[in-house]
1. Considering only 67, 86, 13, give the residue with the highest GNM mean-square fluctuation for the chain, with springs between Cα atoms whenever their separation is below 10 Å.
2. Rounded to the nearest 0.05, what FRET efficiency do residue 77 and residue 25 have when you use their Cβ-Cβ distance and R0 = 22 Å?
3. Enumerate the amide H contacts of residue 27 below 5 Å, restricted to partners 5 or more residues apart or on another chain; note that Pro and chain-start residues carry no placed amide H.
4. Kirkwood Rh, the chain, all Cα pairs: how many Å?
Amino acid sequence: MSTFYLILISSLGFIMALLTLSLQYKHLLSVLLSLEAATMNLFIMMFSFSNNLVYSGQSSLILITLGACEASLGLAILVIVIRSQGNDYVSSFSMQKC
């Protein structure tokens, strides 16, 4: 019964992370933090599913590995953008500059 509550809380957290992503997209750091929160909630949800079913936990480990890679890549992009432009406003990004 406790895994049901864990799944419920993680799905609520995932929905809130997506809501945060859609409402607060002014800075790149807030976008990256909301994506990381969504990834962590998906990891918790998959891990709690693996305890109930005959389901291997290997895919949840792959997801947490990809989440760590996403976080490091996002921070590297954030540092490059701040060094080149001086700010991390999402509205200042333009595809015409590439």
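Each reported figure results from applying straightforward, stated rules to the coordinates on display, with no laboratory input. The structure displayed is predicted, hence computed values, not measured ones. Positions of Cβ are generated from backbone atoms using ideal geometry, with glycine treated the same way; all protein chains shown enter the neighbour counts.
1. With Cα springs under 10 Å in the chain, the top fluctuation among 67, 86, 13 is at 86.
2. Approximately 0.90, to the nearest 0.05.
3. Long-range HN contacts for residue 27: 90.
4. Taking every pair of different Cα atoms in the chain, averaging 1/r and inverting gives 15.0 Å.
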